[in-house]
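All remarks here apply to the structure that follows.
The values are calculated or read from the model by the stated rules, or taken from the named source; none is laboratory data. Please read these numbers as outputs of a predicted model, since none were measured by experiment. Cβ placement follows ideal geometry from the backbone for every residue including glycine, while neighbour counts extend to all protein chains displayed. Note: areas computed on protein heavy atoms with side chains; ligands, DNA, RNA excluded. Shrake-Rupley method; radii C 1.70, N 1.55, O 1.52, S 1.80 Å.
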Amino acid sequence: MFDDGEYRKAMDAAVLRFQDELKKVRTGRAHPDMLANVKVEAYGQFMPLNQVANVTASGGTMLQVTPFDPSTIQAIATAIRSDATLGLNPSDDGHVVRVPVPPLTEERRKEIVKTTSSTVEDAKIAIRNVREDARKELKNAELPEDVKKKAEKAVDELTKTFTDKIDAAFKEKSAEIMAI
């Protein structure tokens, strides 16, 4: 019999990666994951922001970045300011960096939904690649033809289930982005 367990895990991992990517998408509310992709030049190399500072959301419109080492405060502010995809303008008082999160315009909201849709397609491609791997294994398996057909149908249903999860998560995130 054909075991789809490893393919189910791989598809589930693709959905989880997609959901993690959605957390980084700006929705108009301050969320620490918004700064997850920011790289800070500290100690002679580029490091993820979460390795040089603690990021917290204070209220729905402000992020507070507290550096572990106060000497990196300028580098942190510069890294956040230079990330054009965020469009944020941080300020520092010598101890912490405050990042006001301005409300999004409707045009910017639509642009964010559009760019997020490319992430949706990447996740679906990952799931389809897993489906192709399963089909290849089935093709090479020493199984009766009716068992292969049944297993192929099960893999296709599994693929549909996981792509539906991606679509539902995207629909929910799109509604969250477009909400004022």
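List of remarks:
- Candidate set: region 57-78, residues that are under 9 Å from Ala30 (Cβ atoms) and surrounded by fewer than 13 Cβ atoms within 10 Å (Cβ to Cβ); chosen: the one nearest to the chain's Cα centre (by Cα): Gly60
- Test: residue in region 109-132 that is touching a residue at least 24 places away in the same chain (Cβ under 8 Å), open to solvent by less than 30 Å² (accessible area, probe 1.4 Å) and assigned to a strand (DSSP E or B): no
- Residue count for region 5-19 satisfying the condition of being of a type in the set (Gly, Ala, Ser), surrounded by 14 or more Cβ atoms within 10 Å (Cβ to Cβ) and closer than 11 Å to Ala123 by Cα: 1.
- Hits in region 134-160 - residues which are open to solvent by 70 Å² or more (accessible area, probe 1.4 Å) and within 25 Å of Leu22 (Cβ to Cβ): Glu157, Lys160
- Residue in region 94-107 that is touching a residue at least 60 places away in the same chain (Cβ under 8 Å), surrounded by 18 or more Cβ atoms within 10 Å (Cβ to Cβ), closer than 17 Å to Val25 by Cβ and β-branched (Val, Ile, Thr) present: yes
- Of all residues in region 58-97, those satisfying the criterion of being in contact with a helix residue (DSSP H, G or I) (Cβ under 8 Å, 6 or more places away or on another chain) and in a strand (DSSP E or B) are Leu63, Val65, Pro67, Ser91, Asp92, Val97.
- Cβ separations smaller than 7 Å between residues 6+ apart or across chains give the following pairs from region 31-44 residues that are under 9 Å from Asp83 (Cβ atoms) to residues that are β-branched (Val, Ile, Thr): Leu35/Val55; Leu35/Ile80; Val38/Ile80.
- Within region 51-71, residues that are at pLDDT below 90 reach partners that are open to solvent by 50 Å² or more (accessible area, probe 1.4 Å) and assigned to a loop (DSSP other than H, G, I, E, B) with beta carbons closer than 6 Å, at six or more positions or on different chains, in the pairs Ala57/His31; Gly60/Arg29.
- Entry remark, region 133-149: residues being of a type in the set (D, E, K, R) and not in a helix (DSSP H, G or I) number 1 in total.
- Selection count where residues are of a type in the set (Ser, Thr, Tyr) and touching a strand residue (DSSP E or B) at 6+ places or on another chain (Cβ under 8 Å), scope region 1-50: 0
- Condition check for Leu86: modelled with pLDDT of 85 or more and not basic (Lys, Arg): no
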